[in-house]
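What follows is a short report on a single structure.
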């Protein structure tokens, strides 16, 4: 049995809410017994129950509390219920229970918490937005600094390479043209006198 990823709900007094529950079975179901129970100060009160003969048959559900409707049909193994016009007394812990004889009578259950309030609070997230903006700006600044540093190092290395190329090529030209020792001008043999 599963009540989903978020096992609680905050709802306004007088509203209608759905309490979700689904069952799962690898080998299918046969005579699946399921029920919903409400924990009333330590005493478990049955909300509804039923026997689901197999997956293709919609169950007949017996309901034991006012303002409760079974809405789980045969779609996606759904055994959810709807609570109409909730009151503060409806708030608390609900348990969705199931037993499948085909799985050797294995039991499963899931707990859902209903919180009934006068009004839903509006969350002021200006501080969160401010913090996210400052952190985002700081990260962007650091990334920009790293990019600029990398770019400057790249440009300086290219300039250094060009300087070296210029020095090497100009020193070779000077040696050849000026006839310095070790240059191409000295490598010619001197003519013999007769």
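No lab work stands behind these numbers, since they all come straight from the coordinates. Just so it is clear, the model here is predicted, and its values are computed rather than measured. Cβ atoms come from the backbone with ideal geometry, glycine included; neighbour counts cover every protein chain shown.
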Q. Classify region 95-135: rounded, prolate or oblate, from the alpha-carbon gyration tensor (a ≥ b ≥ c, eigenvalue square roots; a/c under 1.5 rounded; otherwise prolate if a/b is larger than b/c)?
A. oblate
Q. For 112, 154, what's the fewest-to-most ordering of other Cβ within 10 Å of each Cβ?
A. 154, 112
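For residue 25 and residue 84 in the same chain, what is the full-extension length gain: residue separation times 0.36 nm, less their Cα-Cα distance, in nm?
The residue 25-residue 84 span can extend by a further 18.2 nm.
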Q. For the residues 151, 34, 70, what sequence is obtained by ranking on other C-beta atoms within 10 Å, fewest first?
A. 151, 70, 34
Q: For region 8-117, just say rounded, prolate or oblate: build the C-alpha gyration tensor, square-root its eigenvalues into a ≥ b ≥ c, call rounded for a/c under 1.5, and beyond that prolate if a/b exceeds b/c, oblate if not.
A: prolate
Q) By count of other Cβ within 10 Å, fewest leading, how are 15, 133 ordered? A) 133, 15
Q: Evaluate the distance, in nm, between pseudo-label points positioned 7 Å from the Cα of residue 109 and of residue 93 along their respective Cα→Cβ axes.
A: 0.9
Q: Distance between Cα centroids, region 1-80 to region 111-162: provide it in whole Å.
A: 44
Q.
Below 8 Å, C-alpha to C-alpha, sequence gap of six or more: please give me the relative contact order for region 49-134 in percent.
A. 17
Q. From the square roots a ≥ b ≥ c of the eigenvalues of the alpha-carbon gyration tensor of region 123-168, which class results: rounded (a/c under 1.5), prolate (a/b over b/c), or oblate?
A. prolate
Q: Can you figure out the FRET efficiency of residue 147 with residue 124, using R₀ = 45 Å and their beta-carbon distance, to the nearest 0.05?
A: 0.80
Q.
Quick check: pseudo-label points 7 Å beyond the Cα along Cα→Cβ at residue 40 and residue 18, how many nm apart are they?
A. 2.7
